[in-house]
Amino acid sequence: MSAVSRVSPAQAEEIARRHYGVDGSAERLSAEFDDAFRLVAGDSSWFVKVGLADGAACAASTAVSFQTAVLLHLAEAAPGLPVQRVVPALDGRPEVSVAGNGHHRLVRMTSWLDGELLSRADNSPELRRDLGATLAKLSVALRRFSHPGALRTHRWDLQHLDRLRGPLADLPGDGVLPEVAAALGTAVPSGVRAGLEDYLDRFESVLRPRLAAVPVQVIHTDFHGENLLCDGARITGILDFGDALTGPVAMDVAVAACYQLGRGPDVLGSALDVVAGYHGVDPLAEADLELIAGFLVGRVAARIILSQWHAMREPSNQGYLLRRTPQAIELFAALRLLTPEDIVGRLRAVLSA
Ligand SMILES: Nc1ncnc2c1ncn2[C@@H]1O[C@H](COP(=O)(O)OP(=O)(O)O)[C@@H](O)[C@H]1O
Ligand SMILES: [Mg+2]
């Protein structure tokens, strides 16, 4: 965190009492930037997110932040989708602005969704297909949604993968931190940096020019196992629209598929279950395939580069930031054994199955 101090559970309880009329006890949830809490009162639970509000959002008290607007839209447009419902404050507003510790913070309370984090659950082909189908329903529901806040970008925006060149150049040696190399043991692949540079070159020459012609809409961009809840057989919760932005649907499919790579004998097979599930609900076109293939490898590259780059800047949080980096390096090495055409061919076979 920067100079902004954290909101304590006691402060979150006070906010809930004062602005929502809920007298409960707050338990901190792990969150990357914002403060997030589970608030429990009797048999009921809520989710409380306390984010940083920029000056403009505070000044325009009627402006609803992008994330909240997404949730409000989905409640109307796709009531069957398992997303958190916004709980209005006592004054009827979907967000409240609070001043504390010298900063303005934007607070949103939502329903608590039941389920187990997908990252902790047993994974199966059926569950992966349901994950893809759930993402497809979300894409369809967001297709006609617009909001001024949706025109944003951030570090994980794969449409601007060329921006990873700077962070890659900052990494030492072959692009693998000593801690990550130690976790990989004797299995450290060679030529990691060269492979990543190769990928970024290909992105700029082949994929980037295609992006200009592709339709875009609001996409989630962070469909991984720590942002999804499940009951073992089905996805029961879609969490965390904090990284949503405007981009091609292919990027969302690729991110979701990326986190399911390597769960079977061949590196791609389990990720293709996600694509099959998606295609069954919102049919993909031939033109999407090259982008999905490119973004799939691109997200793995981004995971390798950004997790290590952040870990260099925040050594106290290295364990958390690097928890999946060794696996990403192994996946990247396995994907490099395939040509882009191989990957597109496997995707095409899913579409025609
Ligand atoms: N409605 C909810 N039901 C259950 N767990 C939730 C809910 N909302 C958030 N969580 C838990 O809180 C964590 C952090 O919330 P999230 O919105 O993903 O914030 P971050 O941007 O920090 O990842 C999630 O990974 C999940 O474990
Ligand atoms: Mg999250």
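Values in this text are rule-based calculations from the coordinates and carry no lab data. Note that the structure is a prediction, hence the values are computed from the model and not measured. For neighbour counting, all protein chains shown are included, and Cβ atoms are generated from backbone atoms with ideal geometry for every residue, glycine included.
Residue-wise HN-Hα couplings along the stretch 156-170, as the Karplus relation 6.51 cos²θ - 1.76 cosθ + 1.60 with θ = phi - 60° gives them from phi, are 8, 6, 5, 5, 10, 4, 4, 5, 6, 4, x, x, 5, 5, 6 Hz; Gly and Pro carry x. The listed peptides 213-226, 249-262, 33-46, ordered by packing as a protection proxy, come out as 249-262, 213-226, 33-46 (highest mean of other Cβ atoms within 10 Å first). Quick one: grab the alpha carbon gyration tensor of the stretch 188-256, order the square roots of its eigenvalues as a ≥ b ≥ c, and give me rounded if a/c is under 1.5, else prolate or oblate depending on whether a/b is larger than b/c. Note, shape of the stretch 188-256 comes out oblate.
Hydrodynamic radius of the stretch 117-352 by the Kirkwood approach over all distinct alpha-carbon pairs: 18.0 Å. Short-range pairs are left out: with C-alpha atoms under 8 Å and at least six residues apart, the relative contact order of the chain is 17 percent.
Please give me the summed charge of the neighbours of V180: other residues whose Cβ is under 12 Å from its Cβ, Lys and Arg +1, Asp and Glu -1. So the surrounding residues net to 0. Scoring 313-322, 75-84 by mean Cβ neighbours within 10 Å over their residues and listing the highest first yields 75-84, 313-322.
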